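A short worksheet on the structure shown next.
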Amino acid sequence: MTAFSFQRIGVMGAGAWGTALANAAARAGRQRGASVALWGRDAAAMARMAEARENAADLPGIALDAAVTPTGDLAALAAADAILLVVPAQACREALGRLAPLARAGLPVISCAKGIERGSRAFMTEVIADALPQAVPAVLSGPSFASDVAAGLPTAVTLAAHDGTLAEALAAALGSTTLRLYHSTDVRGVEIGGAAKNVLAIAAGIVAGRRLGASAAAALVARGFAELMRFGRAYGAKAETITGLSGLGDLILTTSGPQSRNFAFGRALGAGEATGGKLAEGAFTASVLVEMAQARSVDVPISTAVDAVLAGRLSIDGAIEALMARPQRAE
Ligand SMILES: NC(=O)C1=CN([C@@H]2O[C@H](COP(=O)(O)OP(=O)(O)OC[C@H]3O[C@@H](n4cnc5c(N)ncnc54)[C@H](OP(=O)(O)O)[C@@H]3O)[C@@H](O)[C@H]2O)C=CC1
Ligand SMILES: O=C(CO)COP(=O)(O)O
């Protein structure tokens, strides 16, 4: 493990999660004097963040750790020993394209985005392998709201890389007494959980917004989990990953209430209100997840209903009726 140093951490994407992870990485590396470059594409906004020592738009009231340097300079990001990729899933390829001319061979790039690329049907580590072939892809995912992590509340997530030694070293470098990182080699399993739970969180939000009751909410989580397990199995995830932090753990968190943007988006839909401008990754993932499920004959009725509602092919009431009228089956 001594082969890895990870003194300099780069964070690509300075939204809520990127900023929270920058603070967490700084906290984790404090004893060894590690530094964190937090890169955002809007150089003027990054200069203001450097001046204010706060991401006022996404995490108001939370001071940036002294070891975090906000920057609009890609060279500062590329000089890092490892990079956390924290832009929305559909923007990862474009962001990596900017980094490609500057990134060194063997640079670990850890996807922290939760989604599947539309069109290509690629998971985020596949996007990294494609857009930045000189990098070594990894993934970090699990139940973790940016505001909780930024505030230093106790949180546990999973970091996976194909090379178990690298996963362990990255987890050691980024983990602290407030952010506990488990390590894994089941890269695909970890990214499936993060992507699929967002679609199910929209469904949970719809249940709340439609006031369908606590029993329906619990049924949704249990049947949603069955769906996640089937999809995961079909795409090579290990069962213990789906039942772990990045699968069941994150499903529980994001189906629990409106602190989740995906849940809040679904709740607004269910209540017939405007969905607002916040990022809800599940709205982008739903259609590609359903296409991929169909391609391997996996039954994902809840995700299919969310996709149909979002695409305007089905009303919410029609979707509920269709789910309840499905043929009887064994559990
Ligand atoms: N927030 C959370 O609690 C958690 C989020 N995540 C995941 O992290 C990812 C990012 O979420 P989050 O930080 O919350 O989202 P935000 O909407 O808060 O921030 C997204 C950031 O990405 C930037 N961005 C968008 N497109 C590009 C691009 N093409 N190139 C460079 N930068 C770009 C935005 O910049 P600009 O402002 O210029 O548009 C913005 O700073 C999502 O996949 C989400 O699911 C995972 C766990 C927790
Ligand atoms: O992924 C998350 C928590 O683990 C954040 O969820 P939302 O994007 O729904 O807010």
Of the conditions (1) open to solvent by less than 40 Å² (accessible area, probe 1.4 Å); (2) within 16 Å of ligand 2 (Cβ to nearest atom); (3) of a type in the set (A, V, I, L, M, F, W, C), ALA67 clears all except one; give me its number. (2)
Are any residues in segment 245-274 at pLDDT below 95 and more than 14 Å from ligand 1 (Cβ to nearest atom), and if so, which ones? ALA274
Return yes or no: is ALA122 more than 15 Å from the chain's Cα centre (by Cα), away from ligand 1 (no atom under 12 Å from the Cβ) and free of Cβ contacts under 8 Å to residues at least 12 places away in the same chain? no
Scanning segment 206-253 residue by residue, the ones that are open to solvent by less than 40 Å² (accessible area, probe 1.4 Å) and touching a strand residue (DSSP E or B) at 6+ places or on another chain (Cβ under 8 Å) total 5
Is there any pair with a first residue in segment 85-101 that is closer than 16 Å to ALA283 by Cα and open to solvent by 50 Å² or more (accessible area, probe 1.4 Å) and a second that is modelled with pLDDT of 95 or more and assigned to a helix (DSSP H, G or I) whose Cβ atoms are under 8 Å apart and which are 6 or more apart or on different chains, and what are they? PRO88/GLU281; PRO88/PHE284; GLN90/PHE284
Among the residues of segment 46-80, what is the count of those that are without any contact (Cβ under 8 Å) to a residue 24 or more places away in the chain and under 18 Å from ALA95 (Cβ atoms)? 0
Matching residues in segment 13-48 - criterion: being within 16 Å of ligand 1 (Cβ to nearest atom) and in contact with a helix residue (DSSP H, G or I) (Cβ under 6 Å, 6 or more places away or on another chain): ALA16, TRP17, ALA20, ASN23, ALA24, ALA25, VAL36, ALA37, LEU38, TRP39, GLY40
Segment 110-183: helices (runs of 4 or more DSSP H) wholly inside it with 2 or more residues that are away from ligand 2 (no atom under 16 Å from the Cβ) and open to solvent by 10 Å² or more (accessible area, probe 1.4 Å) are 124-131, 164-174
Restricting the search to segment 254-270, which residues are surrounded by fewer than 21 Cβ atoms within 10 Å (Cβ to Cβ) and either of a type in the set (A, V, I, L, M) or in contact with a strand residue (DSSP E or B) (Cβ under 6 Å, 6 or more places away or on another chain) (or both)? ALA268
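The values are calculated or read from the model by the stated rules, or taken from the named source; none is laboratory data. Note that this is a predicted model, so its numbers are computed, not measured. Glycine also receives a Cβ, built like all others from the backbone with ideal geometry; neighbour counts cover every protein chain displayed. For accessibility, only protein heavy atoms count, side chains too; no ligands or nucleic acids. Shrake-Rupley method; radii C 1.70, N 1.55, O 1.52, S 1.80 Å.
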